[in-house]
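Contents: one structure, followed by commentary.
The values are calculated or read from the model by the stated rules, or taken from the named source; none is laboratory data. It should be emphasised that the depicted structure is a prediction, and the values quoted were computed from it without experimental measurement. Every residue, glycine as well, gets a Cβ built from its backbone with ideal geometry; the counts of neighbours run over all protein chains shown. Surface areas here come from the heavy atoms of the whole protein model, side chains and all, with no ligands, DNA or RNA. Shrake-Rupley method; radii C 1.70, N 1.55, O 1.52, S 1.80 Å.
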Amino acid sequence: MPLLYVTDLAYPARGRRYGDEDVLLTARLREHFPLALCHPLDARALMPGFDAVIVRNSGPVLHYQEAYEAFRAAALATGARVYNPLTGRGDMAGKQYLLDLTAAGFPVIPTVDDPADLGLLPPTDLYAVKPKQGADSIGLTFTGAPATRPGEALIQPRIDFAYEVSFYFVDDAFQYALHAPDPARRWELVPYEPTPADLAFARRFIDWNTLDHGIQRVDACRAPSGELLLVELEDLNPYLSLDLLPTPVQDSFVEALVSSLTSFLAAGT
């Protein structure tokens, strides 16, 4: 079953090498599936010639929002197989989930989208304000007095967290974790050994997202109180930092991905 692998090999990601990761991953996947690579701007036109589309390091959607919406609409209209499936409730659907999870009492960085609701947030002298459709810290600002229009942007208290940590899953199976010991150096990651409580935290969001298949990354920060708080649930095109993994962990991840893709493709036949 031929796969169309969507990637932007030349995207200048800060602290990451999209092209290198996707060259590595496609080389491994070609041992199991015939596949071709394409830029996200070409995905809609090329999609009909393949059994499924796998979206990987395709860059922030806001850089090609119209083309992505057209691709998504065409896939839904024709029943095209897309991996990750387009039913994700995390970043794939925008940042509304941070508001929804805050309202539902989940352990997330408290979030509102109306300056009139600042009283619902913990007291702080500085707020992080970011676009609802933002990604990769694009448009992120810090202010002591948010003045955005209601519904226009996400507003969160700035948290002096100890470090960030990311948990990587294929389907609902945990694969590995990496963390950034220095909060100022987000992509200088090292392996992290999660505790049972850490994994229970991450799995809570995987369960909430209800994706049967796909790659997901749960990004969290360690708050001053010691608890983990969700920063982002990346379910569209999470960067995997595969180059930082020991070979056995990298091999295990590829095996899990091949198994997931095989099951995903079989479910559509």
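The charge dipole of the range 1-130, taken about its Cα centre with unit charges on the Cβ atoms of Lys, Arg (+1), Asp and Glu (-1) only, comes to about 380 debye. Over the chain, dividing the summed -39,500 (n - 2.57) contributions of all DSSP H runs of at least 4 residues by the number of residues returns a 222 nm mean residue ellipticity of -8500 deg cm²/dmol.
Label the range 1-67 by shape, choosing from rounded, prolate and oblate, from the square roots a ≥ b ≥ c of the eigenvalues of the Cα gyration tensor; if a/c is under 1.5 it is rounded, and otherwise prolate applies when a/b is larger than b/c, oblate when it is not. Taking the square roots of the gyration eigenvalues as a ≥ b ≥ c, the range 1-67 is oblate. Specify whether the C-alpha gyration tensor of the range 173-244 places it in the rounded, prolate or oblate class, a ≥ b ≥ c being the square roots of the eigenvalues: rounded for a/c under 1.5, otherwise prolate if a/b is larger than b/c and oblate if not. The shape class here is oblate. The peptide list 11-20, 83-92, put in order of mean Cβ contacts within 10 Å with the highest first, becomes 83-92, 11-20. Note that the range 84-137 carries a Kirkwood radius of 12.5 Å, evaluated over its alpha carbons pair by pair.
When both bridge partners sit in the chain, DSSP labels roughly 75% of those beta bridges antiparallel. Here the ratio of the Cα radius of gyration of the range 1-160 to 2.2 N^0.38 Å is 1.24.
Semi-axes of the chain's equivalent ellipsoid from the Cα gyration tensor, sqrt of 5 times each eigenvalue, largest first, rounded to whole Å? Its equivalent ellipsoid spans semi-axes of 31, 22, 17 Å. Average accessible surface for the range 35-109: 43 Å² per residue, computed with a 1.4 Å probe over protein heavy atoms with every protein chain in place. Consider all pairwise Cα distances in the range 63-113 and report the whole-number % of them above 13 Å. The answer is 65 percent, as a whole percent. Think of the range 204-247 as a dipole: +1 on every Lys or Arg Cβ, -1 on every Asp or Glu Cβ, centred on the Cα centre; then among PRO238, ALA223, THR210, ALA223 lies furthest on the positive end. Each Lys and Arg Cβ is given +1 and each Asp and Glu Cβ -1; about its Cα centre, the chain then shows a dipole of about 340 debye.
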